[in-house]
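Written below as structure tokens is the structure these notes are about.
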Amino acid sequence: MAMTPEELQILQRIETQLTTMPFYVVEYVRSKKRAGLSPDTLLQYLYRYQHFFQWLQREGLATSPDLASIPYTLLAEMKKQDMELYIEYLREETIPYEKDTTKKRGHAIVNLSIHALKSLFNYLTKETETEDGESYFYRNVMSKIVLHTKKETASRRAQKISSVILNEQEIHEFLHFVEHDYEATLTNGISKQRFSRNKERDLAILSLFLGSGIRLGETARILTKKVNLKKQLIDIKRKGAKEDTVGVMDQAMGHLKSYLSIRESRYKASNEVPFLFVTLYGGAARPLSRRSIENLVNKYTAAFAQGEGMSPHKLRHSFAADFIRNGGNIVLLRDQLGHSNIETTSLYTNLSNKDNQQVLSRMEKNRTKRLNSHMDLNN
């Protein structure tokens, strides 16, 4: 299986982290890798476990000389109050920030830590097995910890997303801007030269996000041989290493064709570089990293908006909203986006505020008519 340098680096970081972890965490990671859990997620979980074990040592709950020596029996004996104290510490701990300043952890990171610990404790109490065929222990203190999420209606979440995505007209204007007007905003000769070299590639990436709704990681991992220009389909690898095929809109496929026509000559990209999107580094082609794709999306959207840029995920939202606006049903959208739960997809049914406004306008007109009719009768 072809892997990007970025993916290899993540796997290397996982192995480095595992050298400091207890054997049962190593077993957990190996098990979850086999089950298809994302290496990105596993690495983030390992960082959270390291922080938790260090806290156990600092609080005197663990007396082991190093993290690797902390026994699972200690986790079996943890009390609910201990875990609540740790979660409180996560929320209150000050973290060094820019220019000698500090900050507190965000809600998302605290929840990530809780998710990580829940997953580990669930594994230790349900999926492990000793020589006697028993789990390492059965008392799962993390099952008593309630994960609090912000309460929002689907409509409210949709409104927050709709305020930061491109509508149908803006999608057209944005792609036209990149293709015809962006270069005029550049004043530096090197910047113009770089844009000229990468124009077809960058336009293909932007158009693909807006013409298929695929994720950032999926885009970075596309293999050239998996692009079917004739049928306008691309084979991709979803979360959990699931193979899938997505349809691509005409305009996006046209931009892909333009990019493929210059890919080999401009980036020296032979078959030795299987990934679709590449960059020229040290005179040779290299896969374009997720960070680079994220940066170029931000750069072009910021120039278009003359303000703050957007993320690839916002372009994915833009595609999804436009799909629903144009009559696509929720099941088709679920498959196109690769959601495992249709409840996630249902969010987009609330994104088309235009329909909602039209209904409200009709209601207003009808009420006004009734009011005027009533007044005429009374007169």
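Just name the residue that is farthest from the chain's Cα centre (by Cα) out of those in the stretch 19-31 that are buried (at least 16 other Cβ atoms within 10 Å of the Cβ) and hydroxyl-bearing (Ser, Thr, Tyr). Among them, the one singled out is Tyr24. Consider the stretch 64-96 and keep the residues that are over 23 Å from Thr16 (Cα atoms) and polar (S, T, N, Q). The one that is modelled with the lowest pLDDT is Thr94. Assess whether Arg286 counts as being among the basic types (Lys, Arg) and over 16 Å from the mean Cα position of the chain (by Cα). Spelling it out, Arg286 is indeed among the basic types (Lys, Arg) and over 16 Å from the mean Cα position of the chain (by Cα).
Looking across the stretch 133-143, the residues that are surrounded by 18 or more Cβ atoms within 10 Å (Cβ to Cβ) and part of a loop (DSSP other than H, G, I, E, B) come down to Tyr136, Asn140.
Against the list (1) farther than 22 Å from Gln9 by Cβ; (2) open to solvent by 20 Å² or more (accessible area, probe 1.4 Å); (3) within 19 Å of the chain's Cα centre (by Cα), the condition Ser311 fails is (1). Within the stretch 33-57, the residues that satisfy the criterion of being at pLDDT below 95 and of a type outside the set (A, V, I, L, M, F, W, C) are Lys33, Arg34, Gly36, Ser38, Pro39, Asp40, Thr41. For the stretch 32-132, the helices (runs of 4 or more DSSP H) that sit wholly inside it and include 3 or more residues that are within 28 Å of Ile10 (Cα to Cα) and open to solvent by less than 60 Å² (accessible area, probe 1.4 Å) are 39-58, 80-92, 107-126. Counting the residues of the stretch 1-31 that are closer than 25 Å to Glu218 by Cα and outside any helix (DSSP H, G or I) gives 4.
Scoring Lys365 on the criteria (1) modelled with pLDDT of 75 or more; (2) within 30 Å of Glu243 (Cβ to Cβ) leaves a single failure, condition (2). Would you call Lys242 touching a residue at least 24 places away in the same chain (Cβ under 8 Å), closer than 28 Å to Gln336 by Cα and loosely packed, with under 13 Cβ neighbours inside 10 Å? Yes: the conditions hold for Lys242. Residues in the stretch 223-239 that are more than 16 Å from Gln336 (Cα to Cα) and part of a loop (DSSP other than H, G, I, E, B) were compared, and the one that is most open to solvent (accessible area, probe 1.4 Å) is Lys230.
The values are calculated or read from the model by the stated rules, or taken from the named source; none is laboratory data. Everything quoted here is computed from the prediction, not taken from an experiment. As a convention, Cβ positions derive from the backbone with ideal geometry for all residues, glycine included, and neighbour counts pool all protein chains shown. The protein model used for the area step is the full one, side chains on, heavy atoms only, and it has no ligands, DNA or RNA in it. Shrake-Rupley method; radii C 1.70, N 1.55, O 1.52, S 1.80 Å.
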